[in-house]
Amino acid sequence: MPKSRPQPPRPDRRRSIRGSFSWIDHRFLREGFDEGLTRLEKLLYLVLVAVSNQDGVSFYSDARLAELLDARFPNELVSARNELVARDLIAYEGGIYQVLDLPAGSPRKGRDSSPPLPDHTSSFSVSCVRQTARREAASDLESVKQLLERWGWRSV
């Protein structure tokens, strides 16, 4: 006997897409496309999904995106955008963003089959965490430099 689908707590408020177009491919989370992304990178991706048209295209300016993301410094948005472009999740050209169809291969498929580390974290995940920490530290350092320059501090 097939399982019945759970009923929503508020059937009167079922979501429908009106006036714009937006959805998040479940593979983004299920297959690990989000792994190793910083919070800002994930948020940028989700905002772009939410504001894009049926072709995945968004015309939001960097200033508006930075405002939505609460990015304090321009380099934060640029860094997040560059990482999403490098991972083939978005395209960016001439101020136009496009959320791309997720790549065919799952990032998890390429992992080695070595046994998990004692805390059940794969070596791939540890590597992603390290890379993310380095990117965040570099971004934080750049943000501090910009803040100090605003306050009139000069590097020697």
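Distance between the 7 Å Cα→Cβ label points at Trp23 and Phe59: 2.5 nm. Across region 22-37, computed HN-Hα scalar couplings (Karplus, 6.51 cos²θ - 1.76 cosθ + 1.60, θ = phi - 60°) run 6, 6, 10, 5, 4, 4, 3, 8, 4, 9, x, 5, 7, 5, x, 7 Hz from first to last residue, x flagging Gly and Pro.
Each of Ala104 and Lys3 was given a label point 7 Å from its Cα along the Cα-to-Cβ line. The distance between the two points is 3.1 nm.
Per-residue packing, averaged as other Cβ atoms within 10 Å, sorts the ranges 58-64, 47-53 into the order 47-53, 58-64, beginning with the highest.
Each label point was placed 7 Å from the Cα along the Cα-to-Cβ direction; for Leu69 and Arg14 their separation is 3.6 nm. Counting protein heavy atoms only, region 22-114 has 52 percent of its accessible area on carbon and sulfur, 1.4 angstrom probe. Sorting 71-81, 10-20 by their mean Cβ neighbour count within 10 Å, with the most densely packed peptide first, gives 71-81, 10-20.
Per residue, the solvent-accessible area of region 1-101 (1.4 Å probe, heavy atoms of protein chains only, all protein chains present) comes to 69 Å².
The values are calculated or read from the model by the stated rules, or taken from the named source; none is laboratory data. The structure displayed is predicted, hence computed values, not measured ones. So basically every Cβ, Gly included, is an ideal-geometry build from the backbone, and we count neighbours across all protein chains shown. The protein model used for the area step is the full one, side chains on, heavy atoms only, and it has no ligands, DNA or RNA in it. Shrake-Rupley method; radii C 1.70, N 1.55, O 1.52, S 1.80 Å.
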